[in-house]
Amino acid sequence: MTTFEIASQSTAIFAANEDTTTTGGAAIPVDGCLELTFVCYGSASAAVTVSLLESDEEAGTYTEVAPEDVYGGFALASTDSTGKAGVFAYKGWKNFVKVAVDGTATALTVIALKSGCRHCPTDAA
């Protein structure tokens, strides 16, 4: 019988005061993990929507992820000036995902959490 270690990795992929509607944030490789979850926290004085873009290649063309390939969602309204938290997940089959933000948040942090990784990633020192 083979035993597999469940590994996880988290990466801060987006910081406040950027509008990345067209290009998205940093590319996140999806391969090797069973689940890609995004944890968000932010505040805004105008509407902000967080969505996902996907591609087969890191430097390829990114397209918006179909609604059926996303669990949940995250958006900020103009009334969210004291902060709001949320979680959503990607369940598509592309190799790379980017977070796109439509609007400029007062403060916004998005963290990507990979879980069920086949290999535990390590950072070079």
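Between Leu34 and Thr106, the distance separating the two model label sites (each 7 Å from Cα on the Cα→Cβ line) works out to 4.0 nm. Each residue of the range 86-93 is assigned a 3J(HN,Hα), and the resulting list reads x, 9, 8, 9, 9, 10, x, 10 Hz, derived from the Karplus form 6.51 cos²θ - 1.76 cosθ + 1.60 (θ = phi - 60°), x at Gly and Pro. The calculated FRET efficiency for the pair Leu113 and Glu58, based on their C-beta separation and a Förster distance of 22 Å, comes to about 0.65. Computed log10 I(q)/I(0) for the range 24-125 at 0.16 Å⁻¹: -0.70, from the Debye equation with unit scatterers placed on every C-alpha and solvent omitted. Remark on Glu35: its backbone amide H falls under 5 Å from those of Ser115, a criterion applied only to residues 5 or more positions apart or on other chains, H modelled at 1.01 Å from N. Fully extending the segment from Ala77 to Ala46, taken as 0.36 nm per residue of separation minus the present Cα-Cα distance, adds 10.6 nm.
Each value in this text was obtained by applying a stated rule to the coordinates, not by laboratory testing. None of these values were measured; they are calculated from a predicted model. Methodologically, a virtual Cβ is constructed for each residue, glycine included, from the backbone with ideal geometry; neighbour enumeration extends over all protein chains shown.
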